[in-house]
Amino acid sequence: EAGVAQSPRYKIIEKRQSVAFWCNPISGHATLYWYQQILGQGPKLLIQFQNNGVVDDSQLPKDRFSAERLKGVDSTLKIQPAKLEDSAVYLCASSAKSGTARRGYTFGSGTRLTVV
Amino acid sequence: ELKVEQNPLFLSMQEEKNYTIYCNYSTTSDRLYWYRQDPGKSLESLFVLLSNGAVKQEGRLMASLDTKARLSTLHITAAVHDLSATYFCAVDPFNSGGSNYKLTFGKGTLLTVNP
């Protein structure tokens, strides 16, 4: 099966600019996640979708970050305006509705964001 | 709040030696995952541990889970250079009343295997 697709792979922007990332999960996967991985740290969950509804966005900085999954398939994550501390790799992951625990989670290749 | 602690954070290994990475977590859970990450790459799933006493092995790596101690170990046998990477454990707080089907990661262990 095809993996989790993300684009772009790399993005360099100036602070206060806006940026958007795109993710297409594995076909049929109901749950989609966005994680932020700062250099030298483990990934941190930003937002979790079940189909097109938000399950958990408690760690999403809502003053500048937004995410949507309008049709329950692909998703976009936006940052506006970006700050220097947003420099990180943004990872998208997906999981099937059933058997999630046993099958685990599949991660995309990530988007590396550099804010200068 | 679930906390996941890995140690050591840095591990410089000699080839053919054995080592263990420890993963402690702060809340009840019987869902623990190990991932490998190569520089500039995404996360590759290594092991899924879903019960107390679970043990999984793949090649030179063996992972185990003790839910009573809230501890998982990743044991490396006879290390080789190809194992150089960062290893993460991640916990789903399923049994703690928290939202399930999401992961909290440790900080990772950067493993370097030297000749």
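The values are calculated or read from the model by the stated rules, or taken from the named source; none is laboratory data. These numbers come from a predicted model, not from an experiment. Here Cβ is always computed from backbone atoms with ideal geometry, including for glycine, and neighbour counts include all displayed protein chains. Accessible surface is based on the protein model in full, side chains and every heavy atom, while ligands, DNA and RNA are left aside. Shrake-Rupley method; radii C 1.70, N 1.55, O 1.52, S 1.80 Å.
So here's what we get for this one:
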read-out	value
Rounded accessible area per residue of region B:4-95, 1.4 Å, Å²	48 Å²
Relative contact order [Cα under 8 Å, 6+ residues apart], region B:4-95, whole percent	38 percent
Mean Cβ count within 10 Å, highest first, over the residues of peptides A:34-46, B:68-80, B:101-113	B:101-113, A:34-46, B:68-80
Estimated FRET transfer efficiency (A:Val73, B:Lys107; beta-carbon r; R0 35 Å; 0.05)	0.60
Percent RCO, i.e. relative contact order, over chain A, from Cα pairs under 8 Å lying at least 6 residues apart	37 percent
Accessible surface of region B:4-95 [probe 1.4 Å, protein heavy atoms]: carbon and sulfur percent	49 percent
Semi-axes of the equivalent ellipsoid for region B:4-95, Cα gyration tensor, largest first, Å	22, 14, 12
Residues along region A:48-80 losing 20 Å² or more of accessible surface when the other protein chains are present rather than the chain by itself (probe 1.4 Å)	A:Gln48, A:Asp56
Region A:1-88 - percent of accessible surface contributed by carbon and sulfur, probe 1.4 Å	49 percent
Accessible area buried, both sides summed, chains A and B with 1.4 Å probe, Å²	1600 Å²
Candidate aspartates and glutamates for bridging to A:Lys78, where Cα separation is under 12 Å - those fewer than 8 sequence places away on the same chain excluded	A:Asp63, A:Glu68, A:Asp86
The protein assembly as shown: translational diffusion in µm²/s, Stokes-Einstein, Kirkwood Rh over Cα pairs, 4 °C, 1.567 mPa s	71 µm²/s
Amide H within-cut-off set for A:Leu46, under 5 Å, with H built and near neighbours excluded	A:Trp34, A:Tyr35, A:Gln36
For region A:64-80, 3J(HN,Hα) per residue [Karplus equation, 6.51 cos²θ - 1.76 cosθ + 1.60, θ = phi - 60°, Hz, x = Gly/Pro]	9, 9, 9, 8, 9, 8, 4, 9, x, 10, 7, 9, 10, 10, 10, 10, 7
Placed amide H near B:Asp30: partners under 5 Å, 5+ positions off or other chain	B:Phe94, B:Asn95
Alpha-carbon Rg/Rh ratio, for region A:5-94, with Rh computed the Kirkwood way	0.94
Unsatisfied cross-links (Cα-Cα over 27 Å) in the set A:Lys62/B:Lys107; A:Lys44/B:Lys41; A:Lys71/B:Lys107; B:Lys41/B:Lys68; B:Lys3/B:Lys56	A:Lys71/B:Lys107; B:Lys41/B:Lys68
